[in-house]
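First comes the structure, then the notes that go with it.
The values are calculated or read from the model by the stated rules, or taken from the named source; none is laboratory data. Predicted, not measured: the structure shown is a model, and the values here were computed from it. Cβ placement follows ideal geometry from the backbone for every residue including glycine, while neighbour counts extend to all protein chains displayed. With ligands, DNA and RNA removed, areas are computed over all heavy atoms of the protein, side chains included. Shrake-Rupley method; radii C 1.70, N 1.55, O 1.52, S 1.80 Å.
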Amino acid sequence: MNEEKETIKLKIPELFTFGDFGANDFDKLLSFFEWSLKDKTIEFDSTNSVAKKESFFVLYYLYEEYLFSNNCRIWIRDKSDKVFERFPIKQISNAEKFNKQISLNPKLLETNIFPLIIVNSEDRKSIIKFAEKYTENFGIEYQKTLRYVLNEILSNTEDHARNGHNIFTMTQFYWNEQNQEISFIVADTGVGIKTHLRQTYPHLSNDAEAILHAIKPKVSGTFGKTTSNYGKINNAGVGLFFSSNFAQRLNADMFIISGNGFVHISPTEIIQKELRNKWKGTIVYVKIKLGLLETLSFEEMRLEIEEAIPKNEFSLEIENYYLNLKNYFGVAIENKDLAKKLRDEKLLPALDENKTLTIDFEDVIFATDSVLNAMLATPINRLGLMAYKKIKVINAASDIRVMLDFIFDDNTSNA
């Protein structure tokens with residue numbers, strides 16, 4: 001093993017699952033993930049790990065990719081005590097090739113331990129088709145319902161899976177034939193639900209509150225905003241609301257984890273709590289017992305759920321526009337073209353609507369003066385001295401704060 005970087009040894013749990021003697025213990029598994037590791041050599045010890053059918057290796061593989069993005073090298077110690085190096089999945093030519101290798105291998109499908117990658121909408125389509133085989137013996141209505149729920153969950157990842165490192169979303173299925181139960185997990189290591197929603201709802205204070213807000217109708221980080229397509233209003237925001245309601249009507253269990261937030265949507269209640277350990281991104285885990293509803297009708301359920309959505313015309317009266325820069329740049333703000341795009345498509349339109357800008361530098365560790373200037377000089381110059389009231393900067397490191405102070409001073413000196 002190459003030891004040019006500091007080596008950290010991590011022991012993979014014997015069972016990589018949330019299940020614990022029939023119950024779910026999310027904190028126990030999440031305690032395995034250490035999110036602060038950077039520029040290290042990691043040796044994962046898998047000598048005692050057992051690949052059971054309901055093993056959530058999707059989380060492990062995503063964690064590996066996250067560590068690769070933090071400039072770590074990864075080595076695996078297997079059951080024979082041999083050590084070999086792991087390489088990023090994204091080095092494989094494309095997601096389609098990876099997914100096809102998995103789905104065409106009967107032995108891998110029997111174990112249900114290998115995840116599938118979602119990079120784009122075509123991957124979503126192929127994965128939904130892959131999932132439908134589990135419900136083909138239960139009628140078209142189950143297929144419609146599963147297709148809808150899964151598609152909405154996968155679509156949501158396009159929003160909160162952004163992370164600045166181009167790490168993809170992954171999903172994994174488990175079919176319990178004896179109990180006629182299908183479960184699936186969709187996970188990413190993106191910005192999370194709270195960061196995404198705070199673009200529109202800056203008042204959200206913690207992860208659990210953000211998840212509960214996300215399952216309300218007409219809630220989205222983009223809902224109610226004018227799109228570039230002929231000035232239409234983006235009415236995203238009902239997908240997770242519909243999915244969670246479908247899950248309840250199917251007597252299913254839906255678990256949503258984002259950051260430290262946890263929400264369990266059961267057939268009879270919704271439970272929320274803050275976890276001791278966190279997942280850096282979002283996990284949606286759904287368990288559906290098939291065949292319970294003999295007269296299942298997708299359209300009837302959809303109409304019932306629609307009745308619960310307020311019929312009044314949507315009105316979004318928000319005086320503040322929130323922008324989390326890590327959502328777009330990652331931890332380093334050094335892309336001038338992206339800075340100009342955010343200026344023209346986000347900041348200036350918000351100011352035209354007389355909104356106050358809140359620009360969040362949370363977790364940003366590096367920025368260049370030229371990029372910050374490209375993003376902020378024009379908005380500050382237009383506002384003049386009002387910029388000090390209309391543009392709020394939060395969570396900026398001291399060196400970045402110095403650059404920002406200079407940009408503010410330089411662009412208000414003649415006001």
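Can we say residue 361 is touching a residue at least 12 places away in the same chain (Cβ under 8 Å) and open to solvent by less than 70 Å² (accessible area, probe 1.4 Å)? Steps first, answer last, please.
Values: touching a residue at least 12 places away in the same chain (Cβ under 8 Å): yes; open to solvent by less than 70 Å² (accessible area, probe 1.4 Å): yes.
Taking the combined requirement at face value, the residue satisfies it.
Residues being open to solvent by less than 60 Å² (accessible area, probe 1.4 Å) and either modelled with pLDDT under 70 or not aromatic (Phe, Trp, Tyr) (or both): count how many of those fall in the range 112-130.
Residues flagged as open to solvent by less than 60 Å² (accessible area, probe 1.4 Å) and either modelled with pLDDT under 70 or not aromatic (Phe, Trp, Tyr) (or both) within the range 112-130 amount to 12.
Return yes when residue 329 is open to solvent by 40 Å² or more (accessible area, probe 1.4 Å) and touching a residue at least 12 places away in the same chain (Cβ under 8 Å) and no when it is not. Outline the logic, then answer.
Values: open to solvent by 40 Å² or more (accessible area, probe 1.4 Å): no; touching a residue at least 12 places away in the same chain (Cβ under 8 Å): yes.
Taking the combined requirement at face value, the residue does not satisfy it.
Of all residues in the range 364-381, how many are open to solvent by 20 Å² or more (accessible area, probe 1.4 Å) and either small (Gly, Ala, Ser) or farther than 17 Å from residue 400 by Cα (or both)? Steps first, please.
Taking the range 364-381 first, the residues open to solvent by 20 Å² or more (accessible area, probe 1.4 Å) are 365-366, 368-370, 373, 378, 381.
Still in the running and either small (Gly, Ala, Ser) or farther than 17 Å from residue 400 by Cα (or both): 370, 378, 381.
Adding up the residues that qualify gives 3.
For residues in the range 39-58 being of a type in the set (A, V, I, L, M) and open to solvent by 20 Å² or more (accessible area, probe 1.4 Å), which is modelled with the lowest pLDDT?
So, considering only residues that are of a type in the set (A, V, I, L, M) and open to solvent by 20 Å² or more (accessible area, probe 1.4 Å), the one modelled with the lowest pLDDT is 51.
Hey, could you check the range 182-204 for residues that are open to solvent by 30 Å² or more (accessible area, probe 1.4 Å) and at pLDDT below 80 and say which is nearest to residue 143 (Cα to Cα)?
Ranking the candidates gives 198 first.
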